[in-house]
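A short worksheet on the structure shown next.
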Amino acid sequence: MSRTVSIRIAAPGDVLANAVITSNGTTLLSGGTRLTKELIEKLKRFGVATISIK
């Protein structure tokens, strides 16, 4: 079961349910990736607004 959350409330330790892919098709992170503070900041820099987490 997954849920969509704002990147602003994502927390270290959350696990991505799906890959995060940019509008040009580049995969930033694969599904199943456990988020760290650094990865959350990377997603914010790329303009990611929401993610699906397990």
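Listing for the model above:
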read-out	value
Cα gyration tensor shape for segment 3-53, rounded if a/c is under 1.5, else prolate or oblate	rounded
Net dipole in debye of the chain [+1 Lys, Arg Cβ; -1 Asp, Glu Cβ; about Cα centre; nearest 20]	80 debye
Local electrostatic count at residue 2 - Lys and Arg +1, Asp and Glu -1, tallied over other residues with Cβ under 15 Å	+2
Protection proxy ranking, peptides 19-31, 38-50, average beta carbon neighbours within 10 Å, highest first	38-50, 19-31
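No lab work stands behind these numbers, since they all come straight from the coordinates. The structure displayed is predicted, hence computed values, not measured ones. Quick reminder, even Gly has a Cβ in these numbers, built from the backbone with ideal geometry, and neighbours come from all protein chains shown.
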